[in-house]
1. Among the residues of the range 12-30, which ones are in contact with a Gly (Cβ under 9 Å, 6 or more places away or on another chain) and either within 22 Å of residue 81 (Cβ to Cβ) or aromatic (Phe, Trp, Tyr) (or both)?
2. Scan the range 64-82 residue by residue and report those that are touching a residue at least 24 places away in the same chain (Cβ under 8 Å), more than 11 Å from the chain's Cα centre (by Cα) and surrounded by 14 or more Cβ atoms within 10 Å (Cβ to Cβ).
3. Tell me, yes or no, whether the range 36-47 has at least one residue that is open to solvent by less than 20 Å² (accessible area, probe 1.4 Å) and touching a Leu at 6+ places or on another chain (Cβ under 6 Å).
4. State all residues of the range 48-60 that are farther than 13 Å from residue 2 by Cα and either exposed (fewer than 14 other Cβ atoms within 10 Å of the Cβ) or over 11 Å from the mean Cα position of the chain (by Cα) (or both); if no residue qualifies, say none.
5. List the residue pairs whose Cβ atoms are under 9 Å apart, where the first residue sits in the range 52-63 and is on the phi > 0 side of the Ramachandran plot, the second is small (Gly, Ala, Ser), and the two are 6 or more positions apart or on different chains.
6. For the range 19-31, which positions are open to solvent by less than 80 Å² (accessible area, probe 1.4 Å) and among the β-branched types (Val, Ile, Thr)?
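The values are calculated or read from the model by the stated rules, or taken from the named source; none is laboratory data. Predicted model, so just to flag it, every value in this text is computed and none were measured. Please note: Cβ atoms are built from the backbone with ideal geometry, for glycine as well, and neighbour counts cover all protein chains shown. Heavy atoms of the whole protein, side chains included, go into the accessibility calculation; ligands, DNA and RNA do not. Shrake-Rupley method; radii C 1.70, N 1.55, O 1.52, S 1.80 Å.
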Amino acid sequence: MDPANPLRAMVTFTSTGTGHVYITTDGGVTWTDITGSLPDVTTQASAFGPGSTVYVGNMYGVYSAPSAGGAWTRATGLPWIRVTDLVYNSRTNRLIAAT
């Protein structure tokens, strides 16, 4: 759930060969696949960041996009490791990843 907007949420799927990340902006009435350029691997975590930034965690680490459906970029400086949970702390402006 987006802490700034209760109608906005993301869901991830762990299967391969299908969409891995979906977003809703209307409280779950409709969902849009925003997988885009993400690798076709198990994706288990998502978080909303500042502004319209979104983050996901998968088998290769953490990826971010400047907006839902934007181009995904792998986070630099992090190991190529499975990320199972993400939390964005707006007070400290930090993204915390569980591996």
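1. Of all residues in the range 12-30, those in contact with a Gly (Cβ under 9 Å, 6 or more places away or on another chain) come to 12-13, 21, 23.
Across the range 12-30, the qualifying residues are 12, 13, 21.
2. 70, 82
3. Yes: the range 36-47 contains one or more residues that are open to solvent by less than 20 Å² (accessible area, probe 1.4 Å) and touching a Leu at 6+ places or on another chain (Cβ under 6 Å).
4. Hits for the range 48-60 are 59, 60.
5. Short answer, once both residue conditions are applied: 61/75; 61/97.
6. Scanning the range 19-31 gives 21, 23, 24, 30.
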